[in-house]
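Enquirer: If you scroll down you'll find the structure; I have some questions about it.
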Amino acid sequence: MVEGTAAIKCAPPGTGGPPGRGASHGRRPPGGEHLEACGTMEYVTRIVIIGGGPGGYEAALVAAQLGAEVTVVDCDGLGGASVLTDCVPSKTLIATAEVMTTFDSSYEELGIIVADDTPHIDTPARVVGVDLGKVNRRVKRLALAQSHDITASVTRAGARVLRGRGRLEGQQDVDGSRKVVVRAADGSEETLVADAVLIATGGHPREVPDAQPDGERILNWTQVYDLDELPEELIVVGSGVTGAEFAGAYQALGSNVTLVSSRDRVLPGEDPDAAAVLEDVFRRRGMNVMSRSRAASAKRVGDRVEVTLDDGRVISGSHCLMAVGAIPNSSGMGLEEAGVRLKDSGHIWTDKVSRTSAPGVYAAGDVTGIFALASVAAMQGRIAMYHFLGDAVQPLNLKAVSANVFTDPEIATVGYSQADVDGGKIDARVVKLPLLRNPRAKMQGIRDGFVKIFCRPGTGIVVGGVVVAPRASELIHPISIAVDNNLTVEQIANAFTVYPSLSGSIAEVARQLHTRKTADEG
């Protein structure tokens with residue numbers, strides 16, 4: 001909405017939402033536009049959302065459903081980095097890699113013949129390969145399709161989508177409203193007036209000064225989808241979630257991968273048992289994992305890349321992927337001038353209902369630095385709108401968040417962690433069961449992985465879990481339900497499971513924990 005104007009709605013007497021179902025009915029938020037006509041009074045709350053990623057578009061859907069007038073300001077396309085350059089593209093690439101890995105690691109054991117390589121045929125076995133250009137074209141096509149679907153959903157809900165970059169203009173006005181200035185690509189500006197603003201601008205790849213990406217040989221994770229040919233020798237710098245996922249994927253696709261990790265192990269922020277399994281799998285599949293090795297610089301030398309480590313060693317490869325974290329998109333938005341408190345890292349401080357330190361300003365997603373997960377961003381955005389518009393809301397509960405690392409095998413977690421138990425943050429019993437004992441895993445040729453569950457010693461209430469397995473992202477769900485609903489290991493153990501199934505290991509771990517609990521009580 002242009003400054004000084006408002007969308008006024010008029011409802012016939014007796015219509016409208018139920019009392020208390022949003023700020024557009026029953027109460028007037030600061031600065032809300034209103035109209036006395038047709039025998040009724042209706043207030044229209046103006047919401048401006050800066051950023052169209054999961055936090056932004058989910059918030060827009062909620063706010064529109066609750067009767068607010070919503071404008072989403074976005075410069076790249078709805079879905080944000082999650083859909084266009086991060087989560088959706090990377091998991092699409094990984095889906096292809098997963099098929100390659102599954103086939104390569106188990107076809108002989110399962111009795112599959114790759115080609116007519118029987119003794120009476122004098123031809124070599126068919127080589128299974130990948131056309132990376134075709135894979136990446138599919139990746140981009142699916143990402144754009146998903147972005148278009150999201151845009152259609154948001155506009156159908158009644159929200160306006162405005163292309164451009166938004167910034168807050170000064171402090172809150174005397175009537176409680178705020179101004180957002182939107183600058184379009186052509187340099188034109190439009191000023192919006194809002195009763196509440198949600199900042200959901202995400203982040204971008206962090207860069208090392210002496211390892212600047214060029215989009216050809218030295219890449220960040222947004223640039224890998226422009227490759228037409230598979231890197232022959234790929235150096236991945238960074239062993240966090242992004243680095244591990246891409247390293248595993250390209251190794252499966254056929255690249256010779258060197259993973260440079262500054263820490264003692266890959267995935268330093270994940271469950272140590274899970275990280276150990278994955279690192280062992282990486283090494284067995286031929287990956288060169290360099291622990292306690294910090295990259296100081298990366299430079300092109302002809303058609304090669306040389307990565308220099310802090311200790312002076314030099315690694316050479318055909319390509320280098322820099323996966324060294326992300327920077328929040330919080331600069332140049334007038335946040336501090338508007339009273340929004342930033343952390344030293346540049347992330348926006350928020351409370352558990354997504355409020356910032358500035359009245360009427362909320363924040364969601366990666367820009368807040370709270371769990372860089374699309375699901376968390378979406379929940380933060382929804383919570384912000386429910387809170388401001390007067391609907392029932394539950395504060396963000398990070399101990400109910402399930403997360404997944406899309407390597408092969410996948411690593412899924414929920415609730416309290418092994419580090420929490422070892423550090424005395426919570427008193428819990430732990431049982432870990434290798435998948436090697438699971439009959440379905442044996443049938444499918446699955447050798448690596450486990451199920452681990454944490455429960456309270458007195459009550460048996462499940463407080464956390466880890467699953468390392470193919471499709472761990474699906475298997476973690478029953479444990480997530482248990483954590484979210486305070487279920488006990490006895491309840492999980494007594495629930496029927498399909499035989500044979502990988503989920504049977506979850507029930508078996510629960511039975512072992514319940515048996516220990518019973519023995520302790522006896």
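Enquirer: Restricting to the stretch 373-398, name every residue that is out of contact with any helix residue (DSSP H, G or I) (no Cβ under 7 Å at 6 or more places or on another chain), open to solvent by 20 Å² or more (accessible area, probe 1.4 Å) and closer than 25 Å to Phe454 by Cβ.
Expert: Leu373, Ser375, Met379, Gln394, Pro395, Asn397, Leu398
Enquirer: Identify, by number, the condition in (1) assigned to a strand (DSSP E or B); (2) surrounded by fewer than 24 Cβ atoms within 10 Å (Cβ to Cβ) that Glu216 doesn't meet.
Expert: (1)
Enquirer: For the stretch 410-453, give me each residue that is more than 15 Å from Gly464 (Cβ to Cβ), charged (D, E, K, R) and in a helix (DSSP H, G or I).
Expert: The answer is Arg437, Arg440, Lys442.
Enquirer: Sort out for me the strands (runs of 3 or more DSSP E) sitting completely within the stretch 1-84 that have 1 or more residues that are modelled with pLDDT under 90.
Expert: Of the strands (runs of 3 or more DSSP E) lying wholly inside the stretch 1-84, those with at least 1 residues that are modelled with pLDDT under 90 span 33-37, 40-44.
Enquirer: Moving to a separate point now. The conditions are (1) open to solvent by 40 Å² or more (accessible area, probe 1.4 Å); (2) under 21 Å from Val376 (Cα atoms); (3) not small (Gly, Ala, Ser), and Ile461 fails exactly one of them. Which is it?
Expert: The number of the failed condition is (2).
Enquirer: Also, quick follow-up: How about the stretch 215-247: which of its residues are touching a Lys or Arg at 6+ places or on another chain (Cβ under 7 Å) and not aliphatic (A, V, I, L, M)? Reasoning before the result, please.
Expert: Let us first name the residues in the stretch 215-247 that are touching a Lys or Arg at 6+ places or on another chain (Cβ under 7 Å), namely 217-218, 225, 239.
The answer is Arg217, Tyr225, Ser239.
Enquirer: Show the residue pairs that are 6+ apart or on different chains and have beta-carbon atoms under 7 Å apart, the first residue being within the stretch 81-101 and more than 16 Å from Ala377 (Cα to Cα), the second being in a helix (DSSP H, G or I) and among the hydroxyl-bearing types (Ser, Thr, Tyr).
Expert: Pairs found: Pro89/Tyr225.
Enquirer: Give me the pairs, please: first residue somewhere in the stretch 347-358 and more than 12 Å from Leu198 (Cβ to Cβ) and open to solvent by 20 Å² or more (accessible area, probe 1.4 Å), second residue anywhere and of a type in the set (Lys, Arg) and assigned to a loop (DSSP other than H, G, I, E, B), beta-carbon distance under 8 Å, and either six or more positions apart or on two chains.
Expert: As it stands, the answer is Trp349/Arg341; Trp349/Lys343; Ser357/Arg341, since those pairs meet every condition given.
Enquirer: Further question: I'd like the full set of residues that are on the phi > 0 side of the Ramachandran plot and in contact with a His (Cβ under 8 Å, 6 or more places away or on another chain), limited to the stretch 41-74. Spell out the reasoning first.
Expert: First, pick out the residues of the stretch 41-74 that are on the phi > 0 side of the Ramachandran plot: 51, 67.
Result: Gly67, single match.
Enquirer: Moving on. Among the listed residues Ser473, Ser480, identify the single one that is part of a helix (DSSP H, G or I), more than 16 Å from Leu433 (Cβ to Cβ) and open to solvent by 30 Å² or more (accessible area, probe 1.4 Å).
Expert: The match here is Ser473.
Enquirer: Kindly check whether there is at least one residue in the stretch 261-270 that is open to solvent by less than 60 Å² (accessible area, probe 1.4 Å), touching a residue at least 40 places away in the same chain (Cβ under 8 Å) and either assigned to a loop (DSSP other than H, G, I, E, B) or small (Gly, Ala, Ser) (or both).
Expert: For the stretch 261-270, residues open to solvent by less than 60 Å² (accessible area, probe 1.4 Å), touching a residue at least 40 places away in the same chain (Cβ under 8 Å) and either assigned to a loop (DSSP other than H, G, I, E, B) or small (Gly, Ala, Ser) (or both): present.
Enquirer: Checking Ile370 against (1) open to solvent by 30 Å² or more (accessible area, probe 1.4 Å); (2) assigned to a helix (DSSP H, G or I); (3) among the β-branched types (Val, Ile, Thr), which single condition isn't satisfied?
Expert: Of the numbered conditions (1) open to solvent by 30 Å² or more (accessible area, probe 1.4 Å); (2) assigned to a helix (DSSP H, G or I); (3) among the β-branched types (Val, Ile, Thr), the odd one out for Ile370 is (2).
Enquirer: Filter the stretch 219-252 for residues that are over 22 Å from the mean Cα position of the chain (by Cα) and either at positive phi or open to solvent by less than 10 Å² (accessible area, probe 1.4 Å) (or both) and give the result.
Expert: Scanning the stretch 219-252 gives Pro231, Leu234, Ile235.
Enquirer: Got a number for residues in the stretch 184-212 being under 15 Å from Ala298 (Cβ atoms) and open to solvent by less than 30 Å² (accessible area, probe 1.4 Å)?
Expert: Of the residues in the stretch 184-212, 3 are under 15 Å from Ala298 (Cβ atoms) and open to solvent by less than 30 Å² (accessible area, probe 1.4 Å).
Enquirer: Within the stretch 331-341, does at least one residue satisfy the condition of being out of contact with any helix residue (DSSP H, G or I) (no Cβ under 9 Å at 6 or more places or on another chain) and assigned to a strand (DSSP E or B)?
Expert: no
Enquirer: So Phe282 clears everything in (1) open to solvent by 10 Å² or more (accessible area, probe 1.4 Å); (2) within 19 Å of Ser239 (Cβ to Cβ) except one condition, right? Which one?
Expert: (1)
Enquirer: Tell me, please, whether a residue that is out of contact with any His (no Cβ under 6 Å at 6 or more places or on another chain), at pLDDT 95 or above, on the phi < 0 side of the Ramachandran plot and not in a helix (DSSP H, G or I) can be found in the stretch 142-158.
Expert: Yes, there is a match, as at least one residue in the stretch 142-158 is out of contact with any His (no Cβ under 6 Å at 6 or more places or on another chain), at pLDDT 95 or above, on the phi < 0 side of the Ramachandran plot and not in a helix (DSSP H, G or I).
The values are calculated or read from the model by the stated rules, or taken from the named source; none is laboratory data. From a predicted model like this one, the values you see are computed outputs, not experimental measurements. Every residue, glycine as well, gets a Cβ built from its backbone with ideal geometry; the counts of neighbours run over all protein chains shown. Accessible surface is based on the protein model in full, side chains and every heavy atom, while ligands, DNA and RNA are left aside. Shrake-Rupley method; radii C 1.70, N 1.55, O 1.52, S 1.80 Å.
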